[in-house]
Amino acid sequence: MRWSNTFIPTLKEAPAEAEIVSHQLLLRAGLARKLAGGLYTFLPAGIKVLQKIEAIVREEMNKAGGLEVLMPAVQPPEIWKASGRYEHAADVLFKVSDSKGREWLLGPTHEEVIASIASTEISSYRQLPVNFYQIQTKFRDEIRPRFGLMRAREFIMKDAYSFDVSDGDALVSYQKMYDAYVRIFDRCGLHAFPVEADTGVMGGSHSHEFMVPAENGESEVVYTEDGSYSANLEKAVSAGPCSSTPNKCTGSPEEFETPRVKTIEDLTKPPFNVPAMLQIKTLVFITEKEPVIVLLRGDDEANEAKLAVAFRTPIYRTAEPDEIKDVLGASPGSLGPLGIKGVKVFADNQLEEAAGMVAGANKDGFHKRNINVKRDLQGLVFSDLRAVREGELTSDGQPVKIKRSIEVGHVFKLGTKYCKALDASFLDESGKKQFPVMGCYGLGVTRTLQAIIECSHDENGIMWPMAIAPWQICITALDIEPDGPVMKSAGEIYGQLLDLGFDVILDDRDLRPGIKFKDSELIGFPLRVGIGSKSLKDGNVEIFVRASGEKITVPVDQAASRIKAILA
RNA sequence: CGGAGCGUAGCACAGCCUGGUUAGUGCGCCUGCUUUGGGAGCAGGAGGUCGAGUGUUCGAAUCACUCCGCUCCGACCA
């Protein structure tokens, strides 16, 4: 490609809308432009990268036995109602109506669609296992699109769906995808590592997320240095808080006055001086059907995903102050577990043996001390509800750390939920009706693109890994006189490199050298060949290695072979 | 959805508080000359319904109200 024949609008300054570096470089390097919040146009250089990532994904999916299909982005709401996700995923569903007023959905994912294919097309165990995948545009009505392609409302995703005759077979399919993901990210030059994950709104039992550590990631990963444990914060469990929960039995519950105390922290201060770990945090949520109460140690925080498991529904919200008053008869700040009737109370495991605790009296301005959980509270449902914190130990005694990461892929073993909902069954060897065990595997293609930028750049711009660079080599001709020696040599090397199978761009723009150098580094071509009359005078050209900054002077006629050697 | 900030040329911004020539600066763009190995110089030029609407006023980019859009924070932390 000759640069003058393509379109790469680079920017000297970063647009104000871009906050994080990968978003800024995405725009500055002329890869993409924003149409509206969370909606982007990919320009020629961006498309090149995207296509290279997609090619790697296709290759590895095919190698893993995946069969490519393409499903509609527009979907009928009925199948979503059948799976129950019309309600469960309501907040991210893009709804549109046609000219007759009929409602449609823009698909955020395709479990329902593939399950309906399975329901009509798969009828025998002989057809299994099978794994369909597609690379397609998805739509999610994100409450807050952010960071360019990281959290967009329209984005490209590879999604795959496996169907197996048994749970055991499904695990084999799962592992194949897991391994394929490892290879895909590796080939993209990304250090993505798998962590145990929550299954959330998808349902299912077994799940891993592929995470790329990055300051600006939106997920938090809990891990140990020795690599023996890694999990999404939503899923993570530890052996418990660093300090053990007080369990010294004391006298009977006793009310005391706590005017103006509104928070756990207020109560830790004089004149009360009650450490947070000695308090019971009382939270009120409203689920689909009813209000529920959650108890935690005062210094612990609730984990949303774990609450969803305990509540047996992902649909819940925090209660409003007047709803809290209805349930407990007091305002936030004076809430406690004593005397609760007719409301389900979920308590974190940490409280099971707790004694001598302090909590609100459910009377504004009062708290109670000497609460002994076993003695004073009945009917609690105990489970793990707390969020893990840095420094706690795993069950193996390893201290955990937390780091921010970008989720670039997510694999699930789903079970039979969708097949049952869409009535996709098959007959097994004995002629018995069975539901296939399904798995689904998402990989954010556009997000991966930006994650690579986020992980691979310096102050001058992007540093593309060879495998996905828009062009692998940029030939920077410093004099573009068509019949001049510089352009002649540039043209020769260009032809040789093309013949060698490289993806090459020839910068033939009539611009000053500085601009060409800066642009090539901003866009991040792995190699640049600089050709100007100065070096040519001695019969040389300069090879610049973007990643290392190394500059190599080589004779013109050896340029192509040297590059071949460097890239081998 | 709640809070905060911002919308002025393709991009980055000034002007607004305290209303009053023809709305500015830098980058980019076009023309010409010069320059040519790290975002050049000179000269000339194009490009703006000042986000939209309504109101106040003799007069609105500037003041008020409404709406729209963008960005950030929050949306379990009692």
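The values are calculated or read from the model by the stated rules, or taken from the named source; none is laboratory data. Small disclaimer: the values here were computed from a predicted structure and weren't measured. Every residue, glycine among them, receives a Cβ derived from its backbone with ideal geometry; neighbour counts consider all protein chains shown.
For (1) in contact with a Lys or Arg (Cβ under 8 Å, 6 or more places away or on another chain); (2) surrounded by fewer than 16 Cβ atoms within 10 Å (Cβ to Cβ), each residue gets a yes or a no:
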| residue | (1), (2) |
| --- | --- |
| A:Asp376 | no, no |
| A:Gly379 | no, yes |
| A:Ser405 | no, no |
| A:Val411 | no, no |
| A:Phe435 | yes, no |
| A:Thr446 | no, no |
| A:Trp471 | yes, no |
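To keep it simple, each residue is scored yes or no on (1) surrounded by 15 or more Cβ atoms within 10 Å (Cβ to Cβ); (2) near RNA strand B (Cβ under 9 Å from one of its atoms); (3) under 25 Å from the mean Cα position of the chain (by Cα).
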| residue | (1), (2), (3) |
| --- | --- |
| A:Gly298 | yes, yes, no |
| A:Ala302 | yes, yes, yes |
| A:Arg317 | no, yes, yes |
| A:Asp322 | no, no, no |
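Having 1 or more residues that are near RNA strand B (Cβ under 7 Å from one of its atoms) and over 40 Å from the mean Cα position of the chain (by Cα) is the bar; report the strands (runs of 3 or more DSSP E) wholly within the range A:516-556 that clear it.
A:527-531, A:540-545
Just wondering, is there one or more residues in the range A:130-140 that are assigned by TED's automatic domain parsing to the domain that holds A:Tyr441, under 17 Å from the mean Cα position of the chain (by Cα), surrounded by fewer than 17 Cβ atoms within 10 Å (Cβ to Cβ) and in a loop (DSSP other than H, G, I, E, B)?
Within the range A:130-140 (the criterion being assigned by TED's automatic domain parsing to the domain that holds A:Tyr441, under 17 Å from the mean Cα position of the chain (by Cα), surrounded by fewer than 17 Cβ atoms within 10 Å (Cβ to Cβ) and in a loop (DSSP other than H, G, I, E, B)), the answer is no, since none of the residues qualifies.
Sort out which residues of the range A:40-77 are closer than 16 Å to A:Thr448 by Cα, modelled with pLDDT under 95 and surrounded by fewer than 20 Cβ atoms within 10 Å (Cβ to Cβ), and write them in order of number.
The one that is closer than 16 Å to A:Thr448 by Cα, modelled with pLDDT under 95 and surrounded by fewer than 20 Cβ atoms within 10 Å (Cβ to Cβ): A:Phe42.
Residue check, A:Gln127 against (1) within 15 Å of RNA strand B (Cβ to nearest atom); (2) over 30 Å from A:Ser405 (Cβ atoms); (3) not aliphatic (A, V, I, L, M), all met but one. Which one?
(1) is the only condition that A:Gln127 fails.
From A:Leu506, A:Leu498, which residue is more than 9 Å from RNA strand B (Cβ to nearest atom), over 30 Å from A:Arg146 (Cβ atoms), surrounded by 24 or more Cβ atoms within 10 Å (Cβ to Cβ) and not assigned by TED's automatic domain parsing to the domain that holds A:Arg58?
A:Leu506
Table: residues versus (1) surrounded by fewer than 19 Cβ atoms within 10 Å (Cβ to Cβ); (2) in the same structural domain as A:Ala361 (by TED's automatic domain parsing); (3) closer than 30 Å to A:Ser22 by Cα.
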residue: A:Asn216; (1), (2), (3): yes, no, yes
residue: A:Glu220; (1), (2), (3): yes, no, yes
residue: A:Tyr223; (1), (2), (3): no, no, yes
residue: A:Pro246; (1), (2), (3): yes, no, no
residue: A:Glu265; (1), (2), (3): yes, yes, no
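Just to be sure before I move on: is A:Asp483 more than 9 Å from RNA strand B (Cβ to nearest atom), part of a helix (DSSP H, G or I), over 23 Å from A:Ile47 (Cα atoms) and among the acidic types (Asp, Glu) in the structure I sent?
For A:Asp483, the condition - more than 9 Å from RNA strand B (Cβ to nearest atom), part of a helix (DSSP H, G or I), over 23 Å from A:Ile47 (Cα atoms) and among the acidic types (Asp, Glu) - is not met.
When A:Leu449 is evaluated against the numbered criteria (1) in a helix (DSSP H, G or I); (2) in contact with a strand residue (DSSP E or B) (Cβ under 8 Å, 6 or more places away or on another chain), which criterion, by number, is the only one it fails?
The single condition A:Leu449 does not satisfy is (2).
Provide a single number: the residues in the range A:158-178 that are more than 18 Å from the chain's Cα centre (by Cα) and either over 17 Å from A:Gln127 (Cβ atoms) or of a type in the set (Phe, Trp, Tyr) (or both).
Here the count works out to 8.
I'd like to check something: does the range A:558-565 contain any residue that is near RNA strand B (Cβ under 7 Å from one of its atoms) and more than 17 Å from A:Ile8 (Cβ to Cβ)?
No, because not a single residue in the range A:558-565 is near RNA strand B (Cβ under 7 Å from one of its atoms) and more than 17 Å from A:Ile8 (Cβ to Cβ).
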